[in-house]
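Colleague: Once you've had a glance at the structure underneath, I'll fire off some questions.
The values are calculated or read from the model by the stated rules, or taken from the named source; none is laboratory data. Quantities reported herein were computed from a predicted structural model and do not represent experimental measurements. A quick note on method: Cβ atoms are made from the backbone with ideal geometry, for glycine too, and the neighbour counts reach across all protein chains shown. The protein model used for the area step is the full one, side chains on, heavy atoms only, and it has no ligands, DNA or RNA in it. Shrake-Rupley method; radii C 1.70, N 1.55, O 1.52, S 1.80 Å.
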Amino acid sequence: MPMSEARLDEFLTEGAKIAVVSTVDRRGHPRSAPVWYEWHDGSVLIFTGRSSLKWRNLQRVAHASVCVDERETPYAGVVIDGPVEEVTEDEDPVHQVALRMATRYYGEEEGRAFAEPYRDGAPGTVVFRVRPEHIVSWDYAADV
């Protein structure tokens, strides 16, 4: 059963789920990688190194697919496909994005320590947004 908009927002913001982002490499092959993510204002935010394969792939084909799922019963998940754009430092500084995500995944104290190196900017790091063009969701808990 597809998720309601409210359930989709709840699913994508609760807990510390790992997403899998898929890009297209230079040969046209899919490449997938587990990542931290943030569901923010109706889009997926991800940060990575500017030299990472995923970012290099996105420079060629600025489109990605992101899958977030529950791997234990009752199964649930969301697949988001859409164009990718870089988030500017003025719009949402890398440090703030890293702090929000690290706090979510590590907790308050460890999260602050993780994000500290990003405080004065991080030229080797990029935040990108996947704007949903297409969303597929399922929530088998709704069937119970």
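Colleague: Mind jotting down the distance between the C-alpha centroids of region 1-43 and region 101-135, whole Å?
Modeller: The distance from the Cα centre of region 101-135 to that of region 1-43 comes to 15 Å.
Colleague: Can you give me the relative contact order of region 14-132 as a percent, contacts being Cα pairs under 8 Å and 6 or more apart?
Modeller: Details: 214 pairs, mean separation 34.8, N = 119.
Relative contact order, region 14-132: 29 percent.
Colleague: With a 1.4 Å probe and all protein chains kept in place, how do MET1, MET101 rank by accessible area, largest first?
Modeller: On the way: MET1 110, MET101 5 Å².
Most to least solvent-accessible, the answer reads MET1, MET101.
Colleague: Name the residues of region 107-144 whose amide N is less than 19 Å from a point 7 angstrom out from the Cα of ASP9 along the C-beta direction?
Modeller: Residues 130-139 fall inside that zone.
Colleague: Is there a quick way to get the dipole size of region 4-144? I mean about its Cα centre, with the Cβ of Lys and Arg at +1 and of Asp and Glu at -1; what is the value in debye to the nearest 20?
Modeller: Details: 16 positive and 25 negative charges, 180 e Å.
Result for region 4-144 is approximately 860 debye, rounded to the nearest 20.
Colleague: Here are labelled values, [x] 9.6; [y] 9.0; [z] 8.5, and one is the computed mean projected area of the Cα convex hull in nm² for what I pasted. Which one?
Modeller: [y]
Colleague: Work out the FRET efficiency for ARG119 and ARG50 from their Cβ-Cβ distance, taking R0 = 22 Å, and round it to the nearest 0.05.
Modeller: Numbers: r = 18 Å, r/R0 = 0.82.
Once rounded, the FRET efficiency stands at 0.75.
Colleague: Cβ under 14 Å from ARG26's Cβ, ARG26 left aside: what net charge do those residues give with Lys, Arg +1 and Asp, Glu -1?
Modeller: Working: positive: ARG27, ARG31, LYS54, ARG56, ARG60; negative: ASP25.
Neighbourhood net charge equals +4.
Colleague: Related question: Can you find, among TRP55, PRO2, TYR105, the residue sitting farthest towards the positive end of the charge dipole of the chain, where Lys and Arg contribute +1 and Asp and Glu -1 at Cβ?
Modeller: TRP55
Colleague: Ignoring ligands, DNA and RNA, what percent of the accessible area of the chain is carbon or sulfur (1.4 Å)? Let's see the in-between values first.
Modeller: Details: 4060 of 7960 Å².
With neighbouring chains kept in place, the figure for the chain is 51 percent.
Colleague: Please give the per residue accessible area of region 48-93, computed with a probe of 1.4 Å over protein heavy atoms only, in Å². Present the calculation step by step, with values, prior to reporting the outcome.
Modeller: Numbers: 2480 Å² over 46 residues.
Solvent-accessible surface per residue comes out at 54 Å².
Colleague: May I pose another question? Bin by bin, in steps of 10 Å, what percent of the Cα pairs in region 14-75 do you find, going until the bin that has the longest distance?
Modeller: All Cα pairs considered, the percentages come to 20, 50, 24, 6.
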